[in-house]
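Participant: Mind looking over this structure? Questions follow.
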Amino acid sequence: MESKVKITFLGGAKTVTGSKYLIDAFNTSILIDCGLFQGLKDLRLLNWETLPITVSSIQTVLLTHGHLDHVGYLPRLIKQGFKGSIIGTAPTLAIAEIILKDSAKINEEEAKKANKEHYSKHQPALPFYTIKDVEQTIAMFEVQVEDKWIAINNHISYRFKYNGHIIGSTFIELDIEGKRFVFSGDIGRVNDYLLNDPKYPEYADYLFLESTYGDRLHPIVNIEDKLSQIINDTITTHGNLIIPSFAVERLQMLMFILFKLYQKNKIPNIPIFVDSPMGNNVLEVFKRFPKGHKISDTDYNAMCHHINSITSYADTWKTIDDPRSKIVIAGSGMVTGGRVLTYLQQLIDISSTTILLVGYQAEGTRGRLLKEGAHEIKFYGKYYPVKASVTSIDSLSAHADQKGLVDWLSHIKNTPKTVYLIHGESTAQNAFRVKIKDTYGWDVKIPTLFETIEISI
């Protein structure tokens, strides 16, 4: 007897944010990831809308990893009636807890600031969700191991498999009546500084594949040489190097590279400050799960001793006032919020400041504007002139590039019936669709936001 599997793309369709994929099959509803939209205002406004589904019917949320664009909507899901389990690997749930608490804190602080300074159109401005909402969410977390098939019911099983994007990250295989549905999550890179190489799917009947860098290759750059040059130039001009950074994996990677540069005498003993409460918490996750990364205990302890971790907002201001040339790594990676804005508020209009962008900058973010040469950026309700130098190192991305993605696909032994490209901007997806078709001859589709597809099995 023929059965239908319905899949609804509630996010991460023709955009790199808001990943949410609803699977309905055999009277069971499963949500793969539950992310927040970031970037363009039209997308961010979608976060405030009620999902166009019956949320209370979802039994399970399976998480590929802990980034905000994959977990950040969870508290809103619960507000809309979700009462099931939220399942991920132990490091993924540890990261998700940190990220959600940080997100709630920022939401509460921004609402408070907007009300005090009257720059919101909403009176009063309300936080998107609160710490209390997040605590309720965390209570529903359930740890599951990698590499083991877990039955949801007689028809559906799932398995987490490591994919090397951030600590604990996985792709998810769903077996629905013998058909294999694979959700790639965000695929990492081989030969990463911190993480082991991704594992691969052997079979996929229907593949839901990220396409963030589907149209490009990461530049082949000697990262250590380029970073050393930027730092030595900063010292020469008596300036400050500000590095907006994602708190998960990127920040720890930067710490490790900078520590190694100092060890190798490639840079002098310039003060390095990490101003990211969330990043410091993620460091603790690296300590808790040593098998999830490649840093030895000895290097971990020496690195933490070498680099100054800022724990209070008062210390942020002390760091800004410190007259020495220094390196400051602060969240957020796309300059959408966080402590980095405080540094930019004081230093972006000084020509001896260098801003180094070290990750993907989504459309509509301040990071993208800076990368594209904006002469001013707006935050805290005001415009700030950009007199600082802006540079970037694109080869630090935690995402596989087009070649990495094509290589990842090469391990699949069967011919998938359909590949659905998700988590990518339109230009990247269209280029990648052609590349997959030319390389493998597979059928590739690009779903749109809120589209529902039906698959007969």
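The values are calculated or read from the model by the stated rules, or taken from the named source; none is laboratory data. Predicted model, so just to flag it, every value in this text is computed and none were measured. Here Cβ is always computed from backbone atoms with ideal geometry, including for glycine, and neighbour counts include all displayed protein chains. Surface accessibility is based on the protein's heavy atoms, side chains included, excluding ligands, DNA and RNA. Shrake-Rupley method; radii C 1.70, N 1.55, O 1.52, S 1.80 Å.
Participant: Quick check: is even one residue across region 136-155 in contact with a strand residue (DSSP E or B) (Cβ under 6 Å, 6 or more places away or on another chain) and of a type in the set (Asp, Glu)?
Facilitator: There is at least one residue in region 136-155 that is in contact with a strand residue (DSSP E or B) (Cβ under 6 Å, 6 or more places away or on another chain) and of a type in the set (Asp, Glu).
Participant: What tally of residues in region 179-194 results from selecting those that are over 20 Å from the mean Cα position of the chain (by Cα) and without any contact (Cβ under 8 Å) to a residue 40 or more places away in the chain?
Facilitator: The number of residues fulfilling the criteria is 1.
Participant: Which residue, of 144, 123, 136, is polar (S, T, N, Q), farther than 30 Å from residue 222 by Cβ and at pLDDT below 95?
Facilitator: After ruling out the rest, the residue left standing is 123.
Participant: Let me ask something else. Just to verify a result, which residue in region 165-204, among those that are small (Gly, Ala, Ser) and buried (at least 24 other Cβ atoms within 10 Å of the Cβ), is farthest from residue 98 (Cα to Cα)?
Facilitator: Checking each candidate, the answer is 204.
Participant: Considering each of 39, 72, 66, 35 in turn, give the residue that is in contact (Cβ under 8 Å) with a residue 24 or more places away in the chain and farther than 22 Å from residue 136 by Cβ.
Facilitator: 39
Participant: For region 29-38, state whether one or more residues are out of contact with any strand residue (DSSP E or B) (no Cβ under 7 Å at 6 or more places or on another chain), outside any loop (DSSP other than H, G, I, E, B) and within 22 Å of residue 183 (Cα to Cα).
Facilitator: no
Participant: Just for region 98-138: of the residues that are without any contact (Cβ under 8 Å) to a residue 24 or more places away in the chain and acidic (Asp, Glu), which one is least open to solvent (accessible area, probe 1.4 Å)?
Facilitator: 108
Participant: So residue 148 fits all but one of (1) part of a loop (DSSP other than H, G, I, E, B); (2) farther than 23 Å from residue 29 by Cβ; what number is the exception?
Facilitator: (2)
Participant: Give me the helices (runs of 4 or more DSSP H) completely within region 59-119, filtered to those with at least 2 residues that are farther than 22 Å from residue 49 by Cβ, ordered by residue number.
Facilitator: Where helices (runs of 4 or more DSSP H) fall fully within region 59-119 and carry at least 2 residues being farther than 22 Å from residue 49 by Cβ, they are 90-117.
Participant: Another question, if that's okay. List the residue pairs whose Cβ atoms are under 6 Å apart, where the first residue sits in region 228-252 and is at positive phi, the second is crowded, with 24+ Cβ neighbours inside 10 Å and part of a loop (DSSP other than H, G, I, E, B), and the two are 6 or more positions apart or on different chains.
Facilitator: Final answer for the pair search is 249/166; 249/398.
Participant: Given the conditions (1) touching a residue at least 60 places away in the same chain (Cβ under 8 Å); (2) closer than 23 Å to residue 332 by Cβ; (3) outside any helix (DSSP H, G or I); (4) out of contact with any Gly (no Cβ under 6 Å at 6 or more places or on another chain), which single one is not true for residue 52?
Facilitator: So residue 52 meets the others, but not (2).
Participant: If you don't mind, another one. Name the single residue, out of those in region 423-457 being charged (D, E, K, R) and assigned to a helix (DSSP H, G or I), that is farthest from residue 33 (Cα to Cα).
Facilitator: Result: 438.
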